[in-house]
């Protein structure tokens with residue numbers, strides 16, 4: 001069942017999203033060579049809870065942490081680990097969900113550790129642009145397939161990357177994951193029509209090589225690229241409105257001005 005949000009509910013989600021964006025902005029100052037991925041977890045959880053919110057990933061289907069911290073060839077759902085230390089040139093993705101007084105927001109961001117290689121920087125640039133190409137399709141009357149088609153054409157056809165199929169975006173609020181499913185691949189003009197009041201995530205996961213994932217990790221959570229290539233992800237929560245897509249997890253009001 002798809003829930004359509006009122007302006008009041010969207011505003012509550014915007015406040016939740018602002019808190020989550022603040023966490024990501026804070027991470028920019030601590031993510032550097034030598035820190036452990038556990039320190040990212042500690043910062044994220046402390047930030048969320050000290051601002052009066054709940055780290056909603058804790059306890060979700062048995063997951064134990066406030067954040068997912070995925071490094072280099074890890075696509076998503078990486079556990080924060082005390083024994084894993086970031087090295088210069090690493091590509092780290094931090095994903096979390098915030099529940100602020102019942103309003104949910106979800107955002108993943110990618111960070112270059114120290115000085116990125118040309119390969120890492122290009123992958124980050126392409127993935128970031130793909131996120132916004134998908135968001136541009138999030139207008140009333142368009143179809144879910146329009147979002148995925150825009151992302152897939154840019155990442156695979158124009159740039160030769162792999163557009164992950166196994167993990168996709170989703171509806172959000174009043175629970176963490178709900179309908180509609182929002183793939184980042186597909187065919188334009190196909191799928192569910194977007195309606196005013198929908199709140200969804202757009203979260204492309206893009207690999208330097210194949211789009212296929214290796215999900216054989218014993219944890220049952222961690223997914224890696226099937227060929228060992230790098231993976232990058234950016235994610236926003238957004239609302240479908242009469243004025244167009246409205247980003248609820250913006251970290252940069254100047255950059256996102258047309259979506260606010």
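Here, each number is a calculation from the coordinates, and none is a lab measurement. Keep in mind that what you see is a predicted model, and the values were worked out from it rather than measured. Positions of Cβ are backbone-derived with ideal geometry, glycine not excepted, and every protein chain shown enters the neighbour counts.
Computed quantities for the displayed model
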quantity	calculated
FRET efficiency for residue 63 and residue 4, using Cβ-Cβ distance with R0 set to 25 Å, rounded to 0.05	0.35
Exposure proxy order (Cβ contacts within 10 Å, fewest to most) of 23, 13, 1, 124	1, 124, 23, 13
Residues of segment 68-99 with amide N under 15 Å of a point placed 7 Å along Cα→Cβ from residue 119	72-74, 88-92
Prolate/oblate/rounded label for segment 72-208 (Cα gyration tensor, a/c 1.5)	oblate
Label point distance in nm, residue 11-residue 50, each placed 7 Å from Cα along Cα→Cβ	2.9 nm
Label-point gap, in nm, between residue 216 and residue 140 - each point 7 angstrom along Cα→Cβ	5.0 nm
Label-to-label distance, nm, for residues given as residue 83 and residue 28 (7 Å Cα→Cβ offset)	3.4 nm
Share of pairwise Cα separations in the chain, more than 33 Å, in percent	12 percent
Most to least packed among 204-210, 74-80, 221-227 [average Cβ atoms within 10 Å]	204-210, 74-80, 221-227
Compactness of segment 1-43, expressed as Rg and Dmax over alpha-carbon positions, Å	15.5, 45
Length-normalised contact order for the chain - Cα pairs under 8 Å, 6+ apart - percent	22 percent
